[in-house]
1. Considering only segment B:1-25, how many residues are within 17 Å of residue B:76 (Cβ to Cβ) and in a loop (DSSP other than H, G, I, E, B)?
2. Provide a single number: the residues in segment A:1-14 that are closer than 16 Å to residue A:106 by Cα and assigned to a strand (DSSP E or B).
3. Condition (residue is touching a residue at least 24 places away in the same chain (Cβ under 8 Å), away from every other protein chain (no Cβ under 11 Å), part of a strand (DSSP E or B) and loosely packed, with under 13 Cβ neighbours inside 10 Å) applied to segment A:20-40: is it met by at least one residue?
4. Which ones in segment A:74-102 are more than 8 Å from chain B (Cβ to nearest Cβ), within 13 Å of the chain's Cα centre (by Cα) and either within 15 Å of residue A:27 (Cα to Cα) or at pLDDT below 95 (or both)?
5. Just give me the residues in segment B:33-58 being part of a loop (DSSP other than H, G, I, E, B) and either at positive phi or surrounded by 14 or more Cβ atoms within 10 Å (Cβ to Cβ) (or both), in sequence order.
6. Test residue B:41 against the stated conditions and say whether it is within 14 Å of chain A (Cβ to nearest Cβ), under 24 Å from residue A:90 (Cα atoms) and modelled with pLDDT under 95.
7. What is the number of the single condition among (1) touching a residue at least 60 places away in the same chain (Cβ under 8 Å); (2) outside any loop (DSSP other than H, G, I, E, B); (3) more than 14 Å from chain B (Cβ to nearest Cβ) that residue A:17 does not meet?
8. Please go through segment A:45-59 and pick out each residue that is loosely packed, with under 12 Cβ neighbours inside 10 Å and more than 14 Å from chain B (Cβ to nearest Cβ).
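The values are calculated or read from the model by the stated rules, or taken from the named source; none is laboratory data. Nothing here was measured: the structure is a model prediction, and the numbers come from that model. Because the Cβ atoms are built from the backbone with ideal geometry, glycine has one as well, and the counts that use them run over all protein chains shown.
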């Protein structure tokens, strides 16, 4: 079974600075999807960014980018120019290509200091 | 486009009582998911429906949890009888059903069992 590990329970960063959240996963599959979700206090999970394993190019969405290292099974999220609205729980998630369910990590609580 | 709707937002019950949660997915989405999110953890899939059929219920405690999706639209998740360890946020999500379709999450129901 696939597992996802987020080793940083909490992170903090100064507003306008850059922060990187770590995620590792374990799988025997060669084709899959990886996601970062944001969960603010309202509890609604919001997709931040998605990476397809067969694509070598790292995904980017505005201030959010990933560093996908397939051989190392690592998938980190970089947030540039951090804003107060980025404060939330961030979850890394894995999805097999042949399935639709998401396997989530334990989450990282990100605090933005003004 | 309306998002995933869930009700109630909060529920407090005593152990051994029963409770039901309701979810209305985004119109046209064939796949519906129920996740359980215990405090401090990532969401865990309880059950996945494709239209009105069950695709995956391997992690659903079937002795006390049940779910249905009549007519392939909205869904209810029931717990009977509840235990203290059922205290969690119950998230409903839906997706168009086509890989790699994004999952859209509702605001969740926070259940407290006393």
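1. So the count comes out to 6.
2. Looking only at that region, the number is 5.
3. Within segment A:20-40, one or more residues are touching a residue at least 24 places away in the same chain (Cβ under 8 Å), away from every other protein chain (no Cβ under 11 Å), part of a strand (DSSP E or B) and loosely packed, with under 13 Cβ neighbours inside 10 Å.
4. Within segment A:74-102, A:74, A:75, A:92, A:94 meet the criteria.
5. Passing the criteria: B:40, B:41, B:42, B:43, B:51, B:52, B:57.
6. Working: within 14 Å of chain A (Cβ to nearest Cβ): yes; under 24 Å from residue A:90 (Cα atoms): yes; modelled with pLDDT under 95: yes.
It is true that residue B:41 is within 14 Å of chain A (Cβ to nearest Cβ), under 24 Å from residue A:90 (Cα atoms) and modelled with pLDDT under 95.
7. Exception for residue A:17: condition (2).
8. Across segment A:45-59, the qualifying residues are A:56, A:57.
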